[in-house]
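What follows is a single structure, written as structure tokens, with notes after it.
The values are calculated or read from the model by the stated rules, or taken from the named source; none is laboratory data. This one's a predicted model, so the numbers in the text were calculated from it and none came from an experiment. Ideal geometry is used to build each Cβ from the backbone, glycine not excepted, and the neighbour counts take in all protein chains shown. For the accessible areas, the whole protein counts, side chains as well, though only heavy atoms, and no ligand, DNA or RNA atoms are used. Shrake-Rupley method; radii C 1.70, N 1.55, O 1.52, S 1.80 Å.
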Amino acid sequence: MADRIAIPIHNAKGEVVAYAGRFPGEPGEDTPKYKLPQGFRKSLELFNIDRAGKEPGLLVIVEGFFGCMKLHQFGCRRVVALMGSTMSAAQEELIKRHTDRNSQVIVMLDEDEAGRAGREDIAVRLAKFVFVKIHTFDKDGQQPENLSAEEVAALFA
């Protein structure tokens, strides 16, 4: 993770299972924005599930680390990141374990082609066992990490 911002990834028990390395700024053509350890399967984990699982209230699902961190920083403590725009079967099971039939989930993926496709699939799958609301952004390209404290407060008021 040299020359990268290291982001620890914990499992539901709170154990560190990997570090994601984020290239600071915009990477060059041959440099990936994120680097994960060889053999780590992000589809088996939900970023921040160890903290979010201990919090009451609705669960917010976002794509990335920084969207999750931003919402948490602004008071939305029950937030997890898929580490991408799709939800795996293992991630769906983790969500099931941390919710019940009375739970509410907000799917807040990035406002781009991948995010729009992912949120529809996630909503259909999760709606079988929880109440699901899809959050859409007004502008193409907008992401949860770009929200202000006031916008986050308004969303969850």
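Below, the figures for the structure above:
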| item | result |
| --- | --- |
| Residue in segment 68-83 that is in contact (Cβ under 8 Å) with a residue 24 or more places away in the chain, charged (D, E, K, R) and in contact with a helix residue (DSSP H, G or I) (Cβ under 6 Å, 6 or more places away or on another chain) present | yes |
| Residue 95 assigned to a helix (DSSP H, G or I), farther than 19 Å from residue 17 by Cβ and aliphatic (A, V, I, L, M) | no |
| Output for segment 24-44, where each listed residue is farther than 23 Å from residue 95 by Cβ and either in contact with a Ser or Thr (Cβ under 6 Å, 6 or more places away or on another chain) or crowded, with 16+ Cβ neighbours inside 10 Å (or both) | 35 |
| Number of the condition not met by residue 134 [criteria: (1) open to solvent by less than 80 Å² (accessible area, probe 1.4 Å); (2) closer than 24 Å to residue 11 by Cα; (3) in contact with a strand residue (DSSP E or B) (Cβ under 7 Å, 6 or more places away or on another chain)] | (2) |
| Residue match in segment 142-157 (condition: out of contact with any Asp or Glu (no Cβ under 9 Å at 6 or more places or on another chain), β-branched (Val, Ile, Thr) and open to solvent by 20 Å² or more (accessible area, probe 1.4 Å)) | no |
| Selected residue [under 24 Å from residue 131 (Cβ atoms) and among the hydrophobic types (A, V, I, L, M, F, W, C)] from 108, 1 | 108 |
| One residue from 52, 117 being out of contact with any helix residue (DSSP H, G or I) (no Cβ under 9 Å at 6 or more places or on another chain) and at pLDDT 95 or above | 117 |
| Filter result for residue 45 (at pLDDT 95 or above and either of a type in the set (Lys, Arg) or closer than 20 Å to residue 11 by Cα (or both)) | yes |
| Any hit, segment 17-40, residues being within 20 Å of residue 156 (Cα to Cα) and touching a residue at least 24 places away in the same chain (Cβ under 8 Å) | no |
| Yes/no for residue 51 being open to solvent by 40 Å² or more (accessible area, probe 1.4 Å), more than 16 Å from the chain's Cα centre (by Cα) and basic (Lys, Arg) | no |
| So residue 111, is it open to solvent by less than 50 Å² (accessible area, probe 1.4 Å), part of a loop (DSSP other than H, G, I, E, B), on the phi < 0 side of the Ramachandran plot and not aliphatic (A, V, I, L, M) | yes |
| Some residue of segment 114-124 being open to solvent by less than 50 Å² (accessible area, probe 1.4 Å) and closer than 18 Å to residue 53 by Cα | no |
